[in-house]
1. Regarding B:Leu75, is this residue in contact with a helix residue (DSSP H, G or I) (Cβ under 7 Å, 6 or more places away or on another chain), modelled with pLDDT of 95 or more and either surrounded by 14 or more Cβ atoms within 10 Å (Cβ to Cβ) or more than 18 Å from B:Asn38 (Cα to Cα) (or both)?
2. What pairs come up if the first residue lies in region B:71-85 and is farther than 14 Å from B:Ser58 by Cβ, the second is of a type in the set (Gly, Ala, Ser) and modelled with pLDDT under 95, and their beta carbons are under 6 Å apart, counting only those six or more places apart or on different chains?
3. Only one of these is of a type outside the set (Phe, Trp, Tyr) and exposed (fewer than 14 other Cβ atoms within 10 Å of the Cβ): B:Ser51, B:Ser24, B:Ser58. Name it.
4. Residues that are among the β-branched types (Val, Ile, Thr) and within 14 Å of another protein chain (Cβ to nearest Cβ): find the strands (runs of 3 or more DSSP E) completely inside region B:14-111 holding 3 or more of those.
5. Which of the residues spanning region A:52-75 are over 12 Å from the mean Cα position of the chain (by Cα), hydrophobic (A, V, I, L, M, F, W, C) and closer than 27 Å to B:Gly104 by Cα?
6. Quick one: B:Lys70 ticks every box in (1) at negative phi; (2) surrounded by 16 or more Cβ atoms within 10 Å (Cβ to Cβ) bar one, so which box is it?
7. In the set A:Glu87, A:Glu63, which member is part of a helix (DSSP H, G or I) and farther than 29 Å from B:Asn31 by Cα?
8. Scan region A:32-44 residue by residue and report those that are crowded, with 18+ Cβ neighbours inside 10 Å and either over 20 Å from B:Arg36 (Cα atoms) or within 11 Å of another protein chain (Cβ to nearest Cβ) (or both).
Amino acid sequence: GAVVSQHPSRVICKSGTSVKIECRSLDFQATTMFWYRQFPKKSLMLMATSNEGSKATYEQGVEKDKFLINHASLTLSTLTVTSAHPEDSSFYICSARDLRTSGVSYNEQFFGPGTRLTVL
Amino acid sequence: SQQGEEDPQALSIQEGENATMNCSYKTSINNLQWYRQNSGRGLVHLILIRSNEREKHSGRLRVTLDTSKKSSSLLITASRAADTASYFCATDGEYGNKLVFGAGTILRVKS
């Protein structure tokens, strides 16, 4: 149980194009999903918190118009990198909290396998 | 940055040896978790320790937590080549749902 998928796993695009990354919780419902960015050999940096049915909460320094997040259902959140540039190349990872444990005092998140974005 | 520190940054050991990784954090926490990440992959949850716990075991893993020193350690006993990965600690508490990740330790187990 508690499987999170991401699609695509790898994407290469040209500068100026937009790329959409999907994050799905496969066997549970997630009111909250998180989007992280990871540079090579570095740790995960939280970009935004995605709440089903409401606007995402972005971390300081993350451009919300650049990284559009939509959490339209309890099992799907999407991250769209708009007008991508080479500096947006990175590994993007999503995670999800199980709705059934959301009220519990611990915060286990289930992570997707990541999406490698390369912008040429 | 609110990220904590982990040491060592990289660790190379022989199969069968024990590996110890340390993590320090800066704020009060509810829980501390350890994750493993194989190269280019997502994170796998290893173990969670609550702020009122001092030690926890899971198979070959042993985690300690010292809230007075704001630090935790992860011990992997009898390491295997398959344990080769990056290991991250992550804390939550002051920032609610959000996890704050440490810098990570790259572990290499040589067979």
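The values are calculated or read from the model by the stated rules, or taken from the named source; none is laboratory data. Note that the structure is predicted; figures quoted are calculated from it, not measured. Because the Cβ atoms are built from the backbone with ideal geometry, glycine has one as well, and the counts that use them run over all protein chains shown.
1. Spelling it out, it is not the case that B:Leu75 is in contact with a helix residue (DSSP H, G or I) (Cβ under 7 Å, 6 or more places away or on another chain), modelled with pLDDT of 95 or more and either surrounded by 14 or more Cβ atoms within 10 Å (Cβ to Cβ) or more than 18 Å from B:Asn38 (Cα to Cα) (or both).
2. Partner pairs satisfying both residue conditions: B:Ser71/B:Ser24; B:Ala81/B:Ser111.
3. Working: B:Ser51 fails: exposed (fewer than 14 other Cβ atoms within 10 Å of the Cβ); B:Ser24 fails: exposed (fewer than 14 other Cβ atoms within 10 Å of the Cβ).
Of B:Ser51, B:Ser24, B:Ser58, the one residue that is of a type outside the set (Phe, Trp, Tyr) and exposed (fewer than 14 other Cβ atoms within 10 Å of the Cβ) is B:Ser58.
4. In region B:14-111, B:43-50 are the strands (runs of 3 or more DSSP E) which contain 3 or more residues that are among the β-branched types (Val, Ile, Thr) and within 14 Å of another protein chain (Cβ to nearest Cβ).
5. A:Val62
6. Going through the list (1) at negative phi; (2) surrounded by 16 or more Cβ atoms within 10 Å (Cβ to Cβ), B:Lys70 breaks only (1).
7. Sole residue among the options that is part of a helix (DSSP H, G or I) and farther than 29 Å from B:Asn31 by Cα: A:Glu87.
8. Of everything in region A:32-44, those that are crowded, with 18+ Cβ neighbours inside 10 Å and either over 20 Å from B:Arg36 (Cα atoms) or within 11 Å of another protein chain (Cβ to nearest Cβ) (or both) turn out to be A:Thr32, A:Met33, A:Phe34, A:Tyr36, A:Gln38, A:Ser43, A:Leu44.
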